[in-house]
Amino acid sequence: MIFKNFFYFIAAIMIWSIAPDEGTGLYSPALCFYGLLLSILIFWHLNRYFFLKLRAALNSETMPLYEGKRRYLQYTDVHTIIAIALFTVESFAFDLKRFTIGLSPLGTVDTFINAAGLAIFIFHLAIVWYWAYRSVGDKISIGSSSSQYIKSNIKFNLAIIISWLFFLLLHDVVTLLSPSLASQIDNSFVIQVLFFVIFLALFSIFAPVFICRLWDCKPLGDLELKERLESFCRAQGVKFKGIMSWNALNGGLMTAGVIGLVSSFRYLMITPELIKLLDDDELLGVVCHEVGHVKKKHLLYYLIFFLGLVVAMSLIQWSVFSGVLILVLPQRMVDYNILSYINLVLPFFIIVIYFRFIIGYFMRNFEREADMFCFESGVDPNHLITSFMKLGVQMEDYGKKSNWHHYNIPQRIDFLRACMENPGIITTHKKRVRRSLRIFMAILLMGVGLFIFAPSNLNYHFAEIILKQRIEKNPGDSESYSLLGMIYYEGEKWKEAKKAYEKSLQLEYDQPEVLNNLAWLLLKCPDKKLLDPGRALNLARDAAGLNRSTHILDTLAEAYFQNAMYKEAAAVSQKALSTAKENIPYYKEQYRKMLRYYRSARKSIKI
C-alpha cells in the first residue's frame with residue numbers, strides 16, 4: 001500500500017511543480033475559486049454515488065463481505081486516480097497555483113507553495129476516504145468514525161512526503177541565509193548531489209522518531225514476547241531504540257518493518273493484527289526476517305538507490321536533451337521550448353521506471369536475502385513458512401497476486417523449502433545479489449564521474465552546431481540567432497554572444513528577451529571592452545516597453561543604476577521586487593543597494 005500511495009503523491013507533486021504560477025490571460029481569482037468549488041462538488045457526488053451503491057449492496061446481502069472489501073479497495077484506488085486527474089485540471093485550467101500563491105504573504109516560499117498544493121490534493125483524497133468509510137466502515141476494521149479514518153490516512157501518507165517537504169524547507173533556509181550558496185547548489189550537479197547526500201543522511205537518521213509518532217507506534221505491551229524478541233536481536237548483534245506496536249491506519253495493517261539507519265534511532269515495528277494472527281515462534285520468524293534486513297545493510301543500500309535515482313534522472317534528461325537537439329531542431333519539427341517541457345515531465349516517468357525495474361529488482365532479492373537469514377541465525381525456517389501460510393489465508397487469492405517489489409507468498413514459501421533441501425541455493429543467491437550490487441555501484445560511479453569530468457557545456461556545444469546548421473538553411477531566422485546568443489553567453493563567449501544578439505535584433509527588433517539579454521551582457525560582461533551602459537539603458541527601456549517581467553525590470557533598474565540615475569533605479573527595482581515570485585533575497589538586495597545610493601546622492605545634492 002505504501003508504495004502505491006508513494007506513486008500517487010509523486011504524480012501530484014510533479015503535476016503541481018509544472019503547473020503555471022503566472023496565470024493565463026483569462027485568469028481571475030473568482031474563476032479559480034468557483035471552478036475549484038464546482039469540481040469538488042462533482043467529485044463529492046461521484047464518490048457518494050459509487051460508495052453508497054456499494055453500501056446498499058452490502059446491506060441487502062446481495063454481495064458477500066469479502067467482495068465488498070475488494071470493491072472498497074478497488075473504488076479507493078480508482079477514485080484516487082480520478083482525484084489526480086481532477087487536480088491536474090484544476091491546476092492548469094483554473095491557474096490554481098497562482099491563486100494559492102496570492103492567498104498568503106508566504107506565497108513566494110517554495111515550501112509553503114508546495115505544502116499548499118499537497119494540502120489541496122489531500123483534501124480531494126479526504127473526500128474519497130470519507131465516503132469509503134461510509135460504505136464499509138462498520139463492516140471491516142478501519143476505524144471508529146469517518147473523521148478518525150481520514151485522520152489516520154493523512155498521518156500515514158504524511159510519512160511518505162515528509163522527506164520531500166523537509167528537503168524543500170532546508171533549501172529555503174539555505175536560500176534565506178546564503179543566496180550565493182543556494183545558487184551554487186542549483187547550478188552545480190556535484191554540489192546538488194552532495195547537498196542531497198547530506199540531507200538524506202540526516203533525514204534517515206532522525207526521521208524515524210517523527211514517523212513513529214505519525215504512525216501511532218507505541219511500545220510493545222506483551223512484555224514476555226518483547227523480552228524474547230529483544231534477546232534474539234541482541235544475540236544477532238542488532239540494536240533497536242524500541243520494539244513498537246505499529247498502529248497505523250487504526251491497526252488495519254498486517255505487517256512488520258524496520259525504520260532507521262542508526263541503532264539509536266532505529267525501530268522494529270509490528271502491527272497488532274499480525275501479533276494476533278501469529279504465535280510467538282512465527283513472530284520470531286518474522287522478526288528474524290527484519291533483523292536480516294539490518295544485518296545485510298539493506299536500508300543503507302536503499303539510500304544509495306535514491307542517490308542513483310538523482311544521477312539517473314540527470315543522465316537521462318541530459319541524453320534526451322542532446323537527442324532532441326540533434327534529431328529535432330535541425331528539421332524545426334518543434335519549438336525550442338519543448339526542451340523545457342521535457343525536463344519537467346520526464347522525471348515522473350524516470351521515477352516510475354527506476355522504481356519498478358531497478359529498485360524493484362533489488363527489493364525482491366533483498367526480501368529473499370532477509371528470508372534466508374533464518375538459516376544464518378538458527379531460527380527454524382518453518383516458523384517463517386507457517387507465518388506466510390497464515391498470511392496467505394487472510395488474502396482472497398492466498399497471496400498469489402504478482403507484486404513488483406515482493407515475490408508472492410507461494411514463491412517465498414517454495415524458495416525457503418528449496419533452500420532447506422539444497423543449501424547451495426543460498427550461496428548462489430548471495431553471489432547474484434552481490435554481483436548485481438557491484439554492477440549497480442560501478443554504473444553509479446561512472447555516472448557521477450561523467451558529470452564531474454565531462455565538459456560542463458557539452459549540451460551547448462551540440463546546440464551550437466545545430467543552430468549554425470539552421471542558420472545556414474535560413475539566414476533570416478532571428479530565433480536561431482537569439483538562441484545562439486544564449487549558447488555563447490552560457491559558454492562565456494562574450495563577443496560571439498554580442499554579435500548573435502545584435503544579428504537577431506537586426507532581423508527582428510521587437511524581441512523583449514533578446515533586448516534584455518543584450519542589455520545585461522553590456523552591463524555585466526567580464527570583458528570590460530564590451531561594456532556599454534548607455535546603450536544597455538536604451539535596450540533595457542525598449543525591452544521593458546514590450547514586457548514588464550521581473551527579470552526585465554531588474555535589468556532596467558541595473559541599467560539606470562550604472563548610468564547614475566539612482567532615483568529611477570530604485571523605483572524600477574522596487575517594482576521588480578513587488579512582482580518577484582522567486583529569488584526574493586536577490587531582488588531585495590538589489591533594491592536595498594539602489595535605494596542606498598539614491599539616498600546618498602540626494603544628501604550630496606543638499607550639501
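The values are calculated or read from the model by the stated rules, or taken from the named source; none is laboratory data. Predicted model only: the values in this text are computed from it and were never measured. Glycine also receives a Cβ, built like all others from the backbone with ideal geometry; neighbour counts cover every protein chain displayed.
Of the set (1) modelled with pLDDT under 90; (2) part of a helix (DSSP H, G or I); (3) surrounded by fewer than 14 Cβ atoms within 10 Å (Cβ to Cβ); (4) not hydrophobic (A, V, I, L, M, F, W, C), all apply to residue 526 but (2).
The numbered conditions (1) in a loop (DSSP other than H, G, I, E, B); (2) touching a helix residue (DSSP H, G or I) at 6+ places or on another chain (Cβ under 6 Å) are all true for residue 497 except (1).
Might you let me know whether segment 126-133 holds any residue that is within 20 Å of residue 66 (Cβ to Cβ) and assigned to a helix (DSSP H, G or I)? So that I can check it myself, show each step before the final result.
Taking segment 126-133 as the starting set, the residues that turn out to be within 20 Å of residue 66 (Cβ to Cβ) are 132-133.
Now restrict to residues that are assigned to a helix (DSSP H, G or I): 132-133.
Yes, segment 126-133 contains a residue that is within 20 Å of residue 66 (Cβ to Cβ) and assigned to a helix (DSSP H, G or I).
Looking only at segment 378-400, residues that are assigned to a loop (DSSP other than H, G, I, E, B) and over 24 Å from residue 231 (Cβ atoms) come to 7 in all. Residue 241 satisfies every condition listed in (1) within 26 Å of residue 389 (Cα to Cα); (2) surrounded by 16 or more Cβ atoms within 10 Å (Cβ to Cβ) except (1). Checked against the criterion of being at pLDDT below 90 and either touching a Leu at 6+ places or on another chain (Cβ under 6 Å) or closer than 21 Å to residue 517 by Cα (or both), the candidates 560, 598, 587 yield just one match: 587. Quick check: anything in segment 115-123 over 22 Å from residue 42 (Cα atoms), hydrophobic (A, V, I, L, M, F, W, C) and at pLDDT 85 or above? Checked segment 115-123: at least one residue is over 22 Å from residue 42 (Cα atoms), hydrophobic (A, V, I, L, M, F, W, C) and at pLDDT 85 or above.
Scanning segment 187-231 for residues that are exposed (fewer than 15 other Cβ atoms within 10 Å of the Cβ) and of a type in the set (Ser, Thr, Tyr) turns up 188, 231.
Per-residue answers, yes or no, for (1) aromatic (Phe, Trp, Tyr); (2) modelled with pLDDT of 85 or more; (3) in contact with a strand residue (DSSP E or B) (Cβ under 9 Å, 6 or more places away or on another chain); (4) assigned to a helix (DSSP H, G or I):
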residue: 402; (1), (2), (3), (4): no, no, no, no
residue: 419; (1), (2), (3), (4): no, yes, no, yes
residue: 430; (1), (2), (3), (4): no, yes, no, yes
residue: 459; (1), (2), (3), (4): no, no, no, yes
residue: 476; (1), (2), (3), (4): no, yes, no, no
residue: 481; (1), (2), (3), (4): yes, yes, no, yes
residue: 485; (1), (2), (3), (4): no, yes, no, yes
residue: 501; (1), (2), (3), (4): yes, yes, no, yes
residue: 513; (1), (2), (3), (4): no, yes, no, yes
